[in-house]
Every structure is written in structure tokens, then in C-alpha cells.
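What follows is a single structure, written as C-alpha cells, with notes after it.
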Amino acid sequence: MLSPNVDTIRLFLHVLAASVWVGGQIVLGGLVPRLRAEHPDSLKTAANAFARVAWPAFALTMVTGIWNILDVSISDTTTEYQVTLFVHVLLAVATAMFAAIHSLGRSKLALALGGALGLLTGLGAMFIGLLLRTAG
Ligand code: HEM
């Protein structure tokens, strides 16, 4: 069997944290309609409990993402790779921004748009991250 090395740990932590952030939003999206219909009082508790797990996970994607960048010799990469990396980081910043709008916003529009765009940009960051690894 192959042995793990530091790169394995770095990518494991990055992908684990990214999965909690993006996957958690998908799971919560599935739970919310049922909770709203059957236990509307529990919505706030569920949202707060999710935020306590999701934000530390997002912080870990940032820390491991910076570790990724330090590990990749940017000057040895192609312009295509650098543009793709820029889009990846931009989408990562966008998903956090929309999630913050979703949790701090008071209007229905802020809740709906923040939630939907937070998930879409998170999925985009995930896809483009995998593109960095698998393309080129
Ligand atoms: C929600 C936010 C994020 C998601 C969903 C995400 C997801 C991913 C995924 C799935 C990969 C592919 C890992 C693999 O090789 O299998 C990746 C790679 C990468 N990510 Fe992220 N990421 C996020 C945030 C960030 C941030 C904030 C940074 C930089 C500050 C970053 C920098 C990188 C770099 C440089 C790679 C390439 C690593 C390599 O090929 O060695 N990511 N990301």
C-alpha cells in the first residue's frame, strides 16, 4: 500500500473542510423545509448549530488553501493554472460572503439569495478546485 505524506494530509484537510462547508449546506437545505413544516421553533437552533460547525470548517479551508498556495510553485505554473486558481479563490471568498449575507440578512431576499448563491459559489469553488488538480 502507498504511504501518506504531508501533501496527503494537506489535501485531506482541505477537501474535508470544503466538504463540510458545501455538503453541510446541501444537507441543511434538505432539512429546512421539513423543520419549517413540522417544528418551526427548531429552525433557529438548527441554523445556529450548523453555523458552529460550518464557519470553523470554512476557516480550515482558508488556512489549508493558503498552505496549498505556498506548496505550489506559482512561478512554475501556466497562466491557465493561475487564472483557474484566481477563480477558485474568488469563488471561495464569494461563498463566505453570500453565507454571511444569508445569516445576517433580515429580509426574505437576503435570506433566499444569500443561501442560494452561497451554495452555488461553494459548488463552483469545489469544481474549480478539482479542475486545478485534474486538468492540464
Ligand atoms: C469553500 C471554499 C473552498 C472549496 C470548496 C475548495 C475546494 C477545493 C478542492 C476540492 C480542491 C482539489 C483538491 C484535490 O487536489 O483533490 C482544491 C484545491 C486547491 N485549493 Fe481549494 N477550496 C476552497 C477554498 C480555497 C481557498 C480559500 C484557497 C486559497 C486561499 C484554496 C486554494 C487551493 C489550491 C491552491 C488548490 C490546489 C492544491 C494542489 O493542487 O496541490 N482553496 N480546493
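What follows draws every value from the coordinates through simple rules; no lab data is involved. Since the structure is predicted, the reported quantities are computational estimates derived from the model, not experimental observations. Positions of Cβ are generated from backbone atoms using ideal geometry, with glycine treated the same way; all protein chains shown enter the neighbour counts.
Values as computed for the structure displayed
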{"item": "Residues of segment 92-126 satisfying the condition of being loosely packed, with under 14 Cβ neighbours inside 10 Å and either in contact (Cβ under 8 Å) with a residue 60 or more places away in the chain or near the ligand (Cβ under 8 Å from one of its atoms) (or both)", "result": "Val93"}
{"item": "Close pairs (6 angstrom Cβ cut-off, 6 or more residues apart or separate chains): closer than 18 Å to Ala51 by Cα in segment 26-39, part of a helix (DSSP H, G or I) and among the polar types (S, T, N, Q) anywhere", "result": "Leu35/Ser42"}
{"item": "Residue match in segment 41-60 (condition: more than 17 Å from the chain's Cα centre (by Cα) and part of a loop (DSSP other than H, G, I, E, B))", "result": "no"}
{"item": "Filtered residues of segment 37-46 (kept if surrounded by fewer than 12 Cβ atoms within 10 Å (Cβ to Cβ) and either under 15 Å from Gly115 (Cα atoms) or not acidic (Asp, Glu) (or both))", "result": "Ala37, His39, Pro40, Lys44, Thr45"}
{"item": "Test: residue in segment 76-88 that is outside any loop (DSSP other than H, G, I, E, B) and within 17 Å of Trp21 (Cβ to Cβ)", "result": "yes"}
{"item": "Residue that is farthest from the ligand (Cβ to nearest atom) [pool: residues in segment 1-25 that are of a type in the set (S, T, N, Q) and over 19 Å from Phe50 (Cα atoms)]", "result": "Ser3"}
